[in-house]
Amino acid sequence: MNDTVLNYVLVAWIIVAVAVFISLFFITAPYGRHFKRNSGPVIDGKLGWILMEMPAPLIFAVLFFSGIRVVSIVPVIFLAMWEIHYVDRALIYPFKLRISSKPLPLMILVAGLSFNIMNAFLNGKYLAINATKYSEVWFHDIRFLAGVAIFLLGFAVNRHSDYILYRIRITTQKEYGIPEDGFYRWVSCPNYLGEILIWIGWTIATWSPVAAAFSLWTIANLAPRARSHHHWYRQHFDDYPDERHALVPWLW
């Protein structure tokens, strides 16, 4: 894939992300707490999640090891960042669902699978093609240092927030409750905020247009869903804190 083809693909990819962003403010994707019985054919939630997420670490790793001829520290760090997130998402997170695990509609599986294949291909291919850009000099670049720091902050917020939800399910034996700890003091979906920070950090660290498109996709998917979650909490819990926002503390 040459630069011209890549640019055309990226433009199309961004246009689709914008369309998804707009549509998700009107249509809530029917999985998890928003699952509906009339959502068409379904698959077991855990199995579906594994199938949906596994292409991301596999495709990225294949492209990395087959495309990079001279390995330096920076690309290896990028590989570790990507794999740490997606191996957790594909092989650890699904088994924490337990009580809250609901069937996954096949249409969500197909959509998520398609996205992960394309996204892993674009990011892995870009990294392999531009490997020489990420020499040891990049290791001291402020973009790399700031990006990795934001990535790690987002990772910590995301995983800690997931753990709080998991702890509620284990201790109360109920599907859902009002989370109180961590960033839940300020927003309804700090796990989504953390995920957005992860990929903004990735974008800054790699300084890549492909990564920027990924950040846009992450916001396009998670910002409307955070809004839907926020409304869901208010509908199901009369004592839900009024001062809590959907995604961004003190703002939205």
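The values are calculated or read from the model by the stated rules, or taken from the named source; none is laboratory data. The structure displayed is predicted, hence computed values, not measured ones. Glycine also receives a Cβ, built like all others from the backbone with ideal geometry; neighbour counts cover every protein chain displayed.
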* To do: Please specify each residue of the stretch 143-186 satisfying the condition of being within 30 Å of residue 77 (Cα to Cα) and among the polar types (S, T, N, Q).
  => 158, 161
* Residues of the stretch 1-32 satisfying the condition of being surrounded by 13 or more Cβ atoms within 10 Å (Cβ to Cβ) and among the small types (Gly, Ala, Ser) -> 17, 29, 32
* Which of the residues spanning the stretch 169-206 are farther than 13 Å from residue 154 by Cα, of a type in the set (D, E, K, R) and either assigned to a helix (DSSP H, G or I) or touching a Pro at 6+ places or on another chain (Cβ under 8 Å) (or both)? -> 169, 185
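Yes or no, residue by residue, for (1) without any contact (Cβ under 8 Å) to a residue 12 or more places away in the chain; (2) buried (at least 20 other Cβ atoms within 10 Å of the Cβ):
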{"position": "85", "(1), (2)": "no, yes"}
{"position": "106", "(1), (2)": "no, no"}
{"position": "119", "(1), (2)": "no, yes"}
{"position": "122", "(1), (2)": "no, yes"}
{"position": "127", "(1), (2)": "no, yes"}
{"position": "131", "(1), (2)": "no, no"}
{"position": "137", "(1), (2)": "yes, no"}
{"position": "148", "(1), (2)": "no, no"}
{"position": "151", "(1), (2)": "no, yes"}
* Are there any pairs with C-beta distances below 8 angstrom linking a residue in the stretch 207-227 that is surrounded by fewer than 20 Cβ atoms within 10 Å (Cβ to Cβ) to a residue that is charged (D, E, K, R), with the two at least 6 apart or on different chains, and if so which? -> 207/143
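Examine the stretch 127-145 for a residue that is among the hydroxyl-bearing types (Ser, Thr, Tyr), in a helix (DSSP H, G or I), in contact with a helix residue (DSSP H, G or I) (Cβ under 7 Å, 6 or more places away or on another chain) and at pLDDT below 95, and state whether such a residue exists.
Going residue by residue through the stretch 127-145, those that are among the hydroxyl-bearing types (Ser, Thr, Tyr) are 132, 134-135.
If we keep only those that are in a helix (DSSP H, G or I) as well, we get 132.
After this cut, where a residue has to be in contact with a helix residue (DSSP H, G or I) (Cβ under 7 Å, 6 or more places away or on another chain) as well, the list is none.
Within the stretch 127-145, none of the residues are among the hydroxyl-bearing types (Ser, Thr, Tyr), in a helix (DSSP H, G or I), in contact with a helix residue (DSSP H, G or I) (Cβ under 7 Å, 6 or more places away or on another chain) and at pLDDT below 95.
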* To do: Kindly indicate which of 65, 95 is surrounded by fewer than 16 Cβ atoms within 10 Å (Cβ to Cβ), at pLDDT below 95 and under 18 Å from the mean Cα position of the chain (by Cα).
  => 95
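Listed here are the residues, each with its yes/no results for (1) under 19 Å from the mean Cα position of the chain (by Cα); (2) of a type outside the set (Ser, Thr, Tyr).
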residue	(1), (2)
18	yes, yes
28	yes, no
36	no, yes
41	no, yes
47	yes, yes
80	yes, yes
114	yes, no
* Asked: In the stretch 207-230, what residues are part of a helix (DSSP H, G or I), touching a helix residue (DSSP H, G or I) at 6+ places or on another chain (Cβ under 8 Å) and not hydrophobic (A, V, I, L, M, F, W, C)?
  -> 209, 215, 218, 221, 224, 225, 228, 229
* Asked: In the stretch 33-44, what count of residues is obtained for those that are modelled with pLDDT of 90 or more and surrounded by 12 or more Cβ atoms within 10 Å (Cβ to Cβ)?
  -> 6
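Name the one entry in 198, 164 that is surrounded by 15 or more Cβ atoms within 10 Å (Cβ to Cβ), under 27 Å from residue 19 (Cα atoms), touching a helix residue (DSSP H, G or I) at 6+ places or on another chain (Cβ under 7 Å) and not polar (S, T, N, Q).
From the options 198, 164, the qualifying one is 198.
So which residues in the stretch 231-252 are of a type in the set (Phe, Trp, Tyr), part of a helix (DSSP H, G or I) and out of contact with any His (no Cβ under 8 Å at 6 or more places or on another chain)? Please lay out each step first, then the result.
Going through the stretch 231-252, the residues of a type in the set (Phe, Trp, Tyr) turn out to be 232-233, 237, 240, 250, 252.
When the remaining residues are screened for being part of a helix (DSSP H, G or I), the result is 232-233.
Across the stretch 231-252, the qualifying residue is only 233.
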